[in-house]
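Visitor: Okay, here's the structure, questions in a sec.
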Amino acid sequence: MAAEPAFARRFDVRLELLLHAFGGGVHLGAAQDLALGRTNGGAAGREGDCCEDEGDEARGSGEHRPDLSRRNLAAARPRGSGVDRRSTLVSAARLVYPPVRMGLLIVIDGPAGAGKSTVARRVAQHFGLPVLDTGAIYRTLALAARERGIAWSDEPGLVALAASLPIRFEAASEAGGPRVLYDGRDVTQAIRTPEISEGSSQVSALPAVRASLLEIQRRLSRDGCVAEGRDLGTVVFPDAAHKFFLTASDAVRAARRQAELEGAALADVLRDLNRRDERDRSRATAPMTRAADAVLVDSSDLDADAVVAAIVSAVSSRLSGPGGPPAGRLTGRPKAPSFPPLA
Ligand SMILES: Nc1ncnc2c1ncn2[C@@H]1O[C@H](COP(=O)(O)OP(=O)(O)O)[C@@H](O)[C@H]1O
Ligand SMILES: Nc1ccn([C@@H]2O[C@H](COP(=O)(O)OP(=O)(O)O)[C@@H](O)[C@H]2O)c(=O)n1
């Protein structure tokens, strides 16, 4: 049974966004209805147990939190051919859980270079969901401020800018991520420079800036998506049923980022990354931290395929587990979110 883009909705917001899904796109704008172009994915079946609940001993927290360790992940790799596996799961999943109506929300937080964007796109593709790249919003705000001569420390100026930021995300090729348009201009590459990375971290540390961008993130995700960022599991979507905290060692993350930046010295990349992580972790408002109920995924020794398989498996297991999916997620509209105010 093919899923219909059942929820066309007009978002009357100034901040225009287009979420993307591979093979299609989610186009969202002030003057346009939401229309979902779903992928061929949409699987939500059980793929085998990969994930044990383990104490977070490494952090000494004493809390009982799930951890997708390398050992557990061995069992998470897909079995059989991708096509067979997918078609079986799609059939089963669509009978039980029509993907569009689920309002399935998967959040992935973690530090720079952990693999959030890469993994989010592929998990989204699997479930037929759009992706919400929250970091791109902060990055575009930083770029816009720079171009307009607004200091990255000018909180009122940044809030005013955020309120009328002409930003749009558009689906790009299947191989790449979404294109980011600022004032009609493609800034996809421009927002990924080290300078704008630093700026995004600075502007995102300001409480009023975060507050001004909070509601739009919730509205955009209301009908389901894979969202990636820093504070999604803790502040933006504390009620999300599927939370992951994706990380990797500093050295691994820096090496990954260096590979993306032509000619960058590893030491410089590592220094910038550490500085940004430290600011993201220590800011007073919505710091980057693992939610108590987020599954920890350490990708230091895992390739992206393994991480994707683990997350897909964990979500699928939860959806088809004894408790079933979370109430209010499977039929009709998702329950109205009730989120705490931004602290
Ligand atoms: N598990 C992984 N193993 C190896 N490389 C990865 C992995 N996940 C992502 N990458 C690569 O690392 C780089 C950074 O990944 P990205 O998804 O942009 O991270 P983030 O969004 O967390 O900053 C990309 O070039 C990506 O291809
Ligand atoms: N939900 C989010 C997402 C990003 N950010 C900020 O935006 C910056 C850029 O985010 P990003 O996800 O694009 O960064 P990378 O992980 O891609 O390097 C981060 O360093 C954070 O300071 C945030 O504060 N909260």
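Visitor: Name the single residue that is modelled with the highest pLDDT among those in the stretch 136-172 being surrounded by fewer than 20 Cβ atoms within 10 Å (Cβ to Cβ) and closer than 22 Å to Ala227 by Cα.
Guide: Top of the filtered list is Ala163.
Visitor: Now, a different point. Mind checking which residues of the stretch 182-201 are in contact with a helix residue (DSSP H, G or I) (Cβ under 7 Å, 6 or more places away or on another chain), closer than 16 Å to Arg271 by Cβ and polar (S, T, N, Q)?
Guide: Ser197, Ser201
Visitor: Another question about this same structure. Of Ser221, Ser212, Ser201, which residue is of a type outside the set (Lys, Arg), buried (at least 21 other Cβ atoms within 10 Å of the Cβ) and near ligand 2 (Cβ under 9 Å from one of its atoms)? Outline the logic, then answer.
Guide: Working: Ser221 fails: near ligand 2 (Cβ under 9 Å from one of its atoms); Ser212 fails: near ligand 2 (Cβ under 9 Å from one of its atoms).
Criteria check complete, one pass: Ser201.
Visitor: Restricting to the stretch 224-250, name every residue that is within 12 Å of ligand 1 (Cβ to nearest atom), surrounded by fewer than 24 Cβ atoms within 10 Å (Cβ to Cβ) and either within 18 Å of Ser201 (Cα to Cα) or among the acidic types (Asp, Glu) (or both).
Guide: Thr247
Visitor: Is at least one residue of the stretch 289-307 within 16 Å of ligand 2 (Cβ to nearest atom) and more than 20 Å from the chain's Cα centre (by Cα)?
Guide: no
Visitor: Now a separate question. Anything in the stretch 261-297 that is within 10 Å of ligand 1 (Cβ to nearest atom) and over 17 Å from Ser201 (Cβ atoms)? List them, or say none.
Guide: Val297 - this is the single residue of the stretch 261-297 that is within 10 Å of ligand 1 (Cβ to nearest atom) and over 17 Å from Ser201 (Cβ atoms).
Visitor: Let me ask something additional. Within the stretch 110-193, which helices (runs of 4 or more DSSP H) (wholly inside it) include 3 or more residues that are within 13 Å of ligand 2 (Cβ to nearest atom) and within 14 Å of Ser204 (Cβ to Cβ)? Give the steps one after another, and end with the answer.
Guide: Working: elements: 116-127, 134-148, 155-163.
Qualifying helices (runs of 4 or more DSSP H): 134-148.
Visitor: Now for a separate question. At pLDDT below 95, within 16 Å of ligand 2 (Cβ to nearest atom) and either under 21 Å from Arg222 (Cα atoms) or not aliphatic (A, V, I, L, M) (or both): does that describe Asp84?
Guide: Here the answer is no, as Asp84 does not meet what is asked.
Visitor: Still on this structure: For the stretch 228-242, what are the residues that are within 13 Å of ligand 2 (Cβ to nearest atom) and in a strand (DSSP E or B)?
Guide: Selection gives Glu228, Gly229.
Visitor: Of all residues being surrounded by fewer than 16 Cβ atoms within 10 Å (Cβ to Cβ) and either under 19 Å from the mean Cα position of the chain (by Cα) or more than 22 Å from Gln189 (Cβ to Cβ) (or both) in the stretch 251-270, which is farthest from ligand 2 (Cβ to nearest atom)? Just the residue, please.
Guide: Ala267
The values are calculated or read from the model by the stated rules, or taken from the named source; none is laboratory data. From a predicted model like this one, the values you see are computed outputs, not experimental measurements. Cβ coordinates were reconstructed from backbone atoms using ideal geometry, including for glycine residues, and neighbour counts include every protein chain displayed.
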